Amino acid sequence: MIEDVREDELHAYVDGVLPAARRLEVESWLAAHPADAARVEAWAAQNRLLHGAFDPVLNEPLPLALVRAARRPAPVSSLRAVAAALALIAAGLIGYAAGLGTHDALPMQQARLARDAAIAHVVFSPETRHPVEVDAAHAAHLVAWLSKRVGTPLAAPDFSAQGFHLLGGRLLAGETGPVAQFMYQDSIERRVTLYVRRAAADKGVTAFRHAREEGLDVFYWIDGDFGYALSGPIGRPAMQQLADAAYRQLEADTQ
């Protein structure tokens, strides 16, 4: 004889978390108790409606401004902590200024280009099921779509000579408008991303810059009205080779 089924077990049955042995007993119970079966079906229908309404929202990328705000350190009260924070900020600014081009202080907007690119890499590169919105099998559509949304002809550089193949890309939201992100992976599943957005200010610097952000090497540069940033965890020399290849190919495509 089947023991009485509790309401929490009915909810667990609907949610698919009930142990298999008990699940068979609950199904037998529901077959003999139409009122409980009707409640279970109503809950299941509600779950389907909720998933249909909100799953697309859950899969949307977080705005980079929100991600950056969440990563800001909490306010500190002691003078020692404030001094330490100021020292870290100073060190970060020095790191920004140590690039491959001139060593003058970088404009804040250019520094943000590197940081936002790194954050986007950290957010999306660990994904296993949805690392990109459009995969490399539809590369032509991807490039055309991102070019239209970002507002300039784009190209996905070919990094096969450096051992990386295109996974695909996605559209992001940035401070200056739509952002394109292309993602690449090598044979041991290391990933790098190319981040492209409209340059917000100070378009005079075209030389490569290098920064360390979120534990990544980021090479970035301004070309006309747009900024480009390549981020990855594969070491500075390898990242520089990829950045050189990207710059050469993108420059050739615009001529």
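F226's amide H: which non-local residues (gap 5+, or another chain) put their own amide H closer than 5 Å, with H modeled 1.01 Å from N in plane and none for Pro or chain starts?
Under 5 Å from the amide H of F226 lie the amide H atoms of A199, each far enough along the sequence or on another chain.
Sort the following peptides by mean Cβ neighbour count (other Cβ atoms within 10 Å, averaged over residues), highest first: 142-150, 37-45.
Details: 142-150: 17.4, 37-45: 13.8.
Sorting 142-150, 37-45 by mean packing, highest first, produces 142-150, 37-45.
Report the extension gain between L171 and R212 in nm, rounded to one decimal, defined as 0.36 nm multiplied by the number of residues separating them, less their alpha carbon distance.
That works out to 12.4 nm of additional length.
Of the peptides 128-136, 224-232, how do they stack up when ordered by the mean number of other Cβ atoms within 10 Å, highest first? Kindly include the intermediate steps, with their values, before the conclusion.
On the way: 128-136: 13.6, 224-232: 22.8.
Those peptides, ordered most packed to least, come out 224-232, 128-136.
At 0.36 nm per residue, and after removing the present C-alpha to C-alpha distance, how many nm does the segment from R236 to S160 gain when stretched out fully?
Taking 0.36 nm per residue and subtracting the Cα distance, the gain is 25.5 nm.
Across region 168-174, in residue order, what do the Karplus-derived ³J(HN,Hα) couplings come to in whole Hz, using 6.51 cos²θ - 1.76 cosθ + 1.60 with θ = phi - 60° and x for Gly and Pro?
Values per residue, Gly and Pro as x: x, x, 8, 9, 10, 9, x Hz.
Full-extension gain between E251 and A42, please, as 0.36 nm times their residue separation minus the C-alpha to C-alpha distance.
Separation in residues times 0.36 nm, less the Cα-Cα distance, equals 69.3 nm.
Based on the mean of other beta carbon atoms within 10 Å per residue, what is the order of 23-35, 237-249, most packed first?
Most protected by this proxy first, the peptides run 237-249, 23-35.
Please give the FRET efficiency for K148 paired with D244, using the beta carbon to beta carbon distance and R0 = 35 Å, rounded to the nearest 0.05. Before the final figure, lay out each step's value.
Values: r = 28 Å, r/R0 = 0.80.
Plugging the Cβ-Cβ distance into 1/(1 + (r/R0)^6) gives 0.80.
Quick one: H138, H210, fewest Cβ neighbours within 10 Å first, how do they rank?
Lowest to highest Cβ neighbour count: H138, H210.
Modelling each spin label as a point 7 Å along the Cα-to-Cβ direction, I'd like the E189/A31 distance in nm, to one decimal.
Once both label points are built, they end up 4.2 nm from each other.
Between E7 and R129, what FRET efficiency follows from the Cβ-Cβ distance if R0 is 30 Å, with the result rounded to 0.05? It would help to have the intermediate numbers written out before the result.
Details: r = 34 Å, r/R0 = 1.12.
After rounding to 0.05, the efficiency reads 0.35.
A short reminder: the numbers here are calculations on the coordinates, not readings from a lab. Just so it is clear, the model here is predicted, and its values are computed rather than measured. Neighbour counts run over all protein chains shown; Cβ positions are idealised from the backbone, glycine included.
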